[in-house]
Amino acid sequence: MLLALAVISFILWIIIISVPWKPWTTQEHFDRCHYKSHTYLDDVTVLIPARNEAEQLKKTLPSILSQGEGIFVIVVDDCSDDDTQEVATHILKENGLVIRGKPLPEGWSGKLWALEQGLPYVKTNYILLLDADIILKEKVLSSALSDMRKKRIDFFSLMAYLQMTSLVERLFMPAFVYFFKLLYPFKLANRKGFFVAAAAGGFILTKTAVLKSVGAFSSIKGAIIDDCTLAKKVKQKNFSTFIGLTKCVKTIRKYETLGAIWRTVERTAYTQLKHNPFLLLLVTLLMVIAFLVPVAGLISGLITPSYLTLVISSLTLFIMFISYKPILRYYEQNSLTGLALPFVATFYLAMTWSSALKYYLGKGASWKGRHYN
């Protein structure tokens, strides 16, 4: 029985590394941070939803203002309990606008409601949707805007470079990107008209007209995975999209404990499976076969010994590690970290089940003190 499962696992990994769109690679990336020409950014408005982000904004807003002349920043203070409004007002001065958000209406997620309130104040042709914890490298916005125009992209999204300083972050954050790319292959997402749609909500640069043509934020007001949902709306209207990795856009938000990562994944994991128990069972079966069976086969092959099971399982683990290596290299992590991938995958599967359990207990998703059913 274990030998048969080991063979299935081996075939599964052969398929993963052989599919033409290569979801395990880092070929879709944008790291041209320094645009050489002097560019005015008076045609771009940066829109930032912020709930209790005073400390983050002290670090991130200066990096945004330094992108170039003419840039205008709108911060929507989403009913914060801290000094978010005061900090943003002090830093932005005449270069921006700070809006005190209204209480959250029923049926809306907090981030989307904040963005909705800021949208009427956007008068430029381009809008950058930016999370409050994002730091931009010098002139990356000019570079992204240039690339977007040159390649005629309507919706340009970059996955922010994640903090990877603590042991937990080094173990779990590269795997987070790895699994996201397996679930939403970037190459397919970047094909116009293809059914796969993906975006990273930390940095989305798009044409204001495109955003409004898809109904903006009111059309997805209850979405928990708002970035991918918005990308899907954009692709349905036959606009072109791009999502890529980057080292030019970084998040300063830290996930130094397993609990912090657990809560983040738990918030959206079962939503990604469309709250479908069949998909949950299917994903569980695939994860067990892909990540746990080779380990079990290796251990069993050493104990029994069963040389065929041992060889197949060893080859499967080798292919697994090879497929993970590009992500580890991109995030400048030790390749030996890849040895923990089956262990990390088990935890991500547990987070997904925890997300499903909360859903069926009626607790829904939680974020920044708010609960969504």
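The residue that is modelled with the highest pLDDT, counting only those in the range 298-328 that are touching a Leu at 6+ places or on another chain (Cβ under 6 Å), buried (at least 20 other Cβ atoms within 10 Å of the Cβ) and over 17 Å from Tyr348 (Cβ atoms), is Ser313.
Residue under question is Ile74, and the condition is that it be over 22 Å from Tyr161 (Cα atoms), touching a Ser or Thr at 6+ places or on another chain (Cβ under 8 Å) and either at pLDDT 95 or above or part of a helix (DSSP H, G or I) (or both); does it hold? In short, yes. The set of residues from the range 56-84 being more than 25 Å from Tyr126 (Cβ to Cβ) and either touching a Gly at 6+ places or on another chain (Cβ under 6 Å) or surrounded by fewer than 19 Cβ atoms within 10 Å (Cβ to Cβ) (or both) comprises Lys58, Cys79, Asp81, Asp82, Asp83. Among the residues of the range 222-266, just one is at pLDDT below 90 and in contact with a Gly (Cβ under 7 Å, 6 or more places away or on another chain), namely Gly222.
For the range 268-305, a tally of residues being more than 30 Å from Gly222 (Cα to Cα) and either in a loop (DSSP other than H, G, I, E, B) or of a type in the set (Lys, Arg) (or both) returns 2. Checking each residue in the range 234-259 for being out of contact with any strand residue (DSSP E or B) (no Cβ under 8 Å at 6 or more places or on another chain) and touching a residue at least 40 places away in the same chain (Cβ under 8 Å) picks out Asn238, Arg253, Lys254, Tyr255, Glu256, Thr257, Leu258. Contact annotation: residue pairs with Cβ atoms under 7 Å, 6 or more positions apart or on different chains, pairing a residue in the range 104-120 that is at negative phi with a partner that is among the acidic types (Asp, Glu) and assigned to a helix (DSSP H, G or I), are Ser109/Asp226; Lys111/Asp226; Leu112/Asp226.
With the structure loaded, tell me whether Ala290 is out of contact with any Gly (no Cβ under 7 Å at 6 or more places or on another chain), buried (at least 16 other Cβ atoms within 10 Å of the Cβ), of a type outside the set (D, E, K, R) and under 23 Å from Trp108 (Cα atoms) or whether it fails that test. Break it down into steps so the answer makes sense when it comes.
Numbers: out of contact with any Gly (no Cβ under 7 Å at 6 or more places or on another chain): yes; buried (at least 16 other Cβ atoms within 10 Å of the Cβ): yes; of a type outside the set (D, E, K, R): yes; under 23 Å from Trp108 (Cα atoms): no.
No: the conditions fail for Ala290.
Residue by residue through the range 144-172, note down the ones that are buried (at least 21 other Cβ atoms within 10 Å of the Cβ) and within 24 Å of Glu69 (Cβ to Cβ). Those that are buried (at least 21 other Cβ atoms within 10 Å of the Cβ) and within 24 Å of Glu69 (Cβ to Cβ): Ala144, Leu145, Phe156, Leu158.
One residue stands out among those in the range 117-143 that are surrounded by fewer than 19 Cβ atoms within 10 Å (Cβ to Cβ) and charged (D, E, K, R): the one that is nearest to the chain's Cα centre (by Cα), which is Glu138. Counting only residues that are touching a residue at least 60 places away in the same chain (Cβ under 8 Å) and not charged (D, E, K, R), the range 45-101 holds 16 of them.
For residues that are of a type in the set (S, T, N, Q) and over 15 Å from the mean Cα position of the chain (by Cα), scanning just the range 220-240, find the one that is nearest to Leu162 (Cα to Cα).
Taking the range 220-240 as the starting set, the residues that turn out to be of a type in the set (S, T, N, Q) are 229, 236, 238, 240.
Filter again for over 15 Å from the mean Cα position of the chain (by Cα), leaving 236, 238, 240.
Numbers: Gln236: 30, Asn238: 31, Ser240: 26 Å.
For the range 220-240, the residue satisfying everything is Ser240.
With respect to the stated conditions, Leu282 fails to be modelled with pLDDT of 95 or more, in contact with a Phe, Trp or Tyr (Cβ under 7 Å, 6 or more places away or on another chain) and surrounded by fewer than 18 Cβ atoms within 10 Å (Cβ to Cβ).
One line per residue, one yes/no per condition, for (1) crowded, with 16+ Cβ neighbours inside 10 Å; (2) under 23 Å from the mean Cα position of the chain (by Cα):
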| site | (1), (2) |
| --- | --- |
| Ala6 | yes, no |
| Ile11 | no, no |
| Ser18 | no, no |
| Gln27 | no, yes |
| Thr45 | yes, yes |
| Ala54 | yes, yes |
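Tell me, please, whether a residue that is more than 21 Å from Ser157 (Cα to Cα), in a loop (DSSP other than H, G, I, E, B) and not aromatic (Phe, Trp, Tyr) can be found in the range 37-45. Yes, the conditions are met somewhere in the range 37-45.
The values are calculated or read from the model by the stated rules, or taken from the named source; none is laboratory data. What you are looking at is a predicted structure, and each value in this text was computed from that prediction instead of being measured. In this analysis, Cβ positions are derived from the backbone assuming ideal geometry, glycine residues included, and neighbour counts consider all displayed protein chains.
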